[in-house]
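Heads up, the thing below is written out as structure tokens.
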Amino acid sequence: DGQGDLATSDTEERKSAVENHFKWVDAAAGLGCHSIRVNLSGSNDPGEWVSNAVDGLTQLATYAKDKNINIIVENHGGLSSNAALLAEVMSKVNMDNCGTLPDFGNFCIRRNDPADYGSGCAEMYDIYQGVTELMPYAKAVSAKSYNFDEQGNETKIDYPRMLQIVKDAGYEGFIGVEYEGRELSEAEGIMATKKLLQTSME
């Protein structure tokens, strides 16, 4: 996340950010990974962001192609959490090794205070619509969880509904687990999410 903004409007900064990611592509190839996940930070203007993101991703995916590494983008705040825009970027890049990493929970486009992550969300994209729009380009999926009720259901996300969206897209790859709650330990939260995934798919 600290390698530079792949969707910045400064052409030289964007090129530098792309090149900063090369070492991660090389490392992933050496480890036998199939993908690296990147952010698409940069301009806050939708038109500029799409154009910049297409250029940055095309440069990086071109480098990664010969190494059999996918470049995948997570909805991770800012305009990348606007799934329609991110899907537009994917359509325009149109490379087999460039795709998305839909995250069930990261659809806050704008926070009340951009400098304070805990300030709450001022503009939220619909999470179910967002995952639906990103799944056609998905090369991985991230099952986000925050808290669970007494029955083991996630309190903010309808997991059966979300997993039906994933299934309807014909996705057969891995689903990663990411627990962001505070009531359970990391290990307990991960296992609770795994159990919910399993019961939701029965």
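Out of all DSSP beta bridges with both ends in the stretch 58-170, state the antiparallel percent to the nearest 5.
40
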| query | What value, in deg cm²/dmol to 500, does the helix sum -39500 (n - 2.57) over DSSP H runs of n ≥ 4 give at 222 nm once divided by the residues of the chain? | reply | -13000 deg cm²/dmol
| field | Globularity index of the stretch 1-72, i.e. its alpha-carbon radius of gyration over 2.2 N^0.38 Å | value | 1.06
| Kirkwood-based shape ratio for the stretch 8-126, expressed as Rg/Rh from alpha carbons | 0.98
| query | Label A29 and Q198 with points 7 Å out from Cα along Cα→Cβ: what is the distance between them in nm? | reply | 3.8
| field | the stretch 88-161 - percent of accessible surface contributed by carbon and sulfur, probe 1.4 Å | value | 43
| request: With unit charges on the beta carbon (Lys/Arg positive, Asp/Glu negative), name the residue among P102, Y137, A115 whose Cα is farthest towards the positive pole of the charge dipole of the stretch 96-162. | output: Y137
| request: Kindly report, to the nearest 10 Å², the accessible surface of K156 as traced by a 1.4 Å probe over protein heavy atoms only. | output: 130
| request: Would you mind working out the accessible area per residue for the chain, using a 1.4 Å probe, and quoting it in Å²? | output: 53
| note | Largest-first ranking of S51, S145, S16 by accessible area, probe 1.4 Å, whole protein assembly kept, is S51, S16, S145
| message | Check the chain for me: any Cys whose beta-carbon has no other cysteine beta-carbon within less than 4.7 Å? | response | C33, C98
| How large, in Å, is the stretch 70-202 by the Kirkwood hydrodynamic radius built from its alpha-carbon pairs? | 15.3
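The values are calculated or read from the model by the stated rules, or taken from the named source; none is laboratory data. All of these numbers come straight from a predicted model, not from anything done at the bench. Please note: Cβ atoms are built from the backbone with ideal geometry, for glycine as well, and neighbour counts cover all protein chains shown. Protein only, heavy atoms only, side chains kept; ligands, DNA and RNA dropped before computing areas. Shrake-Rupley method; radii C 1.70, N 1.55, O 1.52, S 1.80 Å.
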